[in-house]
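Here the structure is laid out as structure tokens; the discussion comes afterwards.
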Amino acid sequence: MGTQSSDISAALNEALAALESADTPEGVRSLVSQVTGKKGSLGSLKSSLGSVVDVEERKKVGAAINEALSRLAEAADARLTVLSNAELLRVIGADRVDVTERALKSDVAARLGRTHLVTQATERLEDVFIGLGFQIAEGPEVESDFYNFEALNMPPSHPARSMWDTLFVDQDPQGSVLLRTHTSPVQIRVMQEWPPPIYAIMPGRVFRRDTPDATHMPVFHQIEGMVIDRNITFADLAGTIEAFTKAFFGSAFTSRLRPSYFPFTEPSAEFDIRRPDGSWIELGGCGMMHPRVIRAGGLDPDEWSGFAFGFGIDRMAKERHGVADLRDMYSNDVRFLEQFP
Ligand code: FA5
């Protein structure tokens, strides 16, 4: 019995159908080797070629088998391509980060970040002062001796420099570059850049060699305020501080000014607030701007007068929220920080 071309196409069709349901590359390869192997449907047809006696007939059947084999090989390649594309899509799908996924989970509220207490206090202070007509300015944290001390009426060796335990930057000439000990140097920078009248607040980070305790940190924040205008008096300073205290702390707190000394203000005062329990805490210094400071800023002290203040923002945040110890605000303990949404 000779090999019929119908046998070949039946074997091919069966193999092609089986290929379509092979769902792994291994499955495709083993199907092909099984079909073309000695005992496979196409393989066995090929080995039976030798028994075809008629030469022309053998050529014809041989060509048909080869044709079937190459169609099978092509179909196997196509199937392998389909399978590897599907695998690629699966891997991409599995790797994809769904950024909306967390928002759908119910525990998300507990995990959302929030601004730090000190950032909240700074933003609130900015809002209060913007409401009073002030503009915001900033200065560098790494400062020169000139801006931090000299222009603020503290020439070299002035004893008042020891009021601030200074961290110096290791740069020649030694002592000329430092981490600012307060935000007051920004007063000079603003006067040099802005035409008067000036109503400015200058928040920022400051640095001192202070040992951490309940009311001190070596790195903390201040907000400087400065008004330069014609005929500014101490009454304007006192009124501004009073208005600010009420706006920031609410009516449960009152404030007082105590005579004090700063080289850059004359007269000078310390600003304290009274807690609801009756105790007082110092929040900052203030005073009428010293004529030498106004001159160092490039303005004429006979024409312009002003007041300035510098408050500790960390202490304000601490008092406003009744935090017992400043160090708690910097321990980065989420259980502590999340109490202040
Ligand atoms: C000053 O730094 C002056 N530049 C303030 C000033 C500005 C006076 C303008 C006059 C005119 P003093 O060293 O007192 O002053 O610091 C001001 C406030 O910063 C303090 O009242 C306190 O609230 C806060 N403060 C000072 N040291 C620390 C510290 N180590 N940690 C946290 N807050 C501090």
Report, in debye and to the nearest 20, how large the dipole of the chain comes out about its Cα centre when Lys and Arg carry +1 and Asp and Glu carry -1 on their Cβ. 840
Could you sort 164-174, 23-33 so that the peptide with the highest average Cβ count within 10 Å comes first and the rest follow in order? 23-33, 164-174
Give the residue from LEU88, VAL227, VAL35 lying farthest towards the positive end of the charge dipole for the chain; charges sit on Cβ (+1 for Lys and Arg, -1 for Asp and Glu) and the dipole is referred to the Cα centre. VAL35
Averaged per residue, what accessible surface does region 2-95 expose to a 1.4 Å probe, in Å²? 64
According to a simple spin-label model (label point 7 Å from Cα along Cα-to-Cβ), what is the distance in nm between PHE253 and TRP280? 1.6
GluC sites (Glu not before Pro) restricted to DSSP loop in region 299-341 with at most 12 other C-beta within 10 Å: GLU303
Find how many whole Å separate the alpha carbon centroid of region 49-86 from the alpha carbon centroid of region 267-326. 94
Contour excess over end-to-end distance, with Cα ends at LYS39 and HIS116 and 0.36 nm allotted per residue: 20.1 nm
Working from Cα positions, state the angle (0 to 90°, nearest 10) between the long axis of helix 117-131 and the longest principal axis of the chain. 60
Considering the dipole of region 192-327 built from charges on the beta carbon (Lys and Arg +1, Asp and Glu -1) around the Cα centre, which of CYS286, GLY239, THR211 is farthest to its positive end? THR211
Rounded to the nearest 10 degrees, the helix 5-21 long axis (Cα) sits at an angle to the longest Cα principal axis of the chain of 20
Determine the calculated [θ] at 222 nm for the chain from helices alone, applying -39500 (n - 2.57) to every DSSP H run no shorter than 4 residues and normalising by the residue count; nearest 500 deg cm²/dmol. -13000 deg cm²/dmol
Using a Förster distance of 35 angstrom, determine the FRET efficiency expected from the C-beta separation of ALA235 and SER157, and round it to 0.05. 0.50
Quarter of the Cα convex hull surface for region 165-264, i.e. its orientation-mean projected area (nm²): 8.8
On full extension of the chain, what length is gained from ASP172 through VAL91, given 0.36 nm per residue of separation minus the C-alpha to C-alpha distance? 23.4 nm
Using 7 Å Cα-to-Cβ label points, what is the GLU56/GLU266 separation (nm, one decimal)? 12.9
Which value results when the Cα radius of gyration for the chain is divided by 2.2 N^0.38 Å? 2.06
Interchain or sequence-distant (5+) residues whose placed amide H lies within less than 5 Å of the amide H of ALA269 are SER260, CYS286, GLY287
Going by average Cβ density within 10 Å per residue, which order do the peptides 274-281, 247-254 take, highest to lowest? 247-254, 274-281
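The values are calculated or read from the model by the stated rules, or taken from the named source; none is laboratory data. The structure displayed is predicted, hence computed values, not measured ones. All Cβ positions, glycine included, derive from the backbone under ideal geometry; neighbour counts span all protein chains shown. Note: accessible area is taken over every heavy atom of the protein model, side chains too, but ligands, DNA and RNA are not part of it. Shrake-Rupley method; radii C 1.70, N 1.55, O 1.52, S 1.80 Å.
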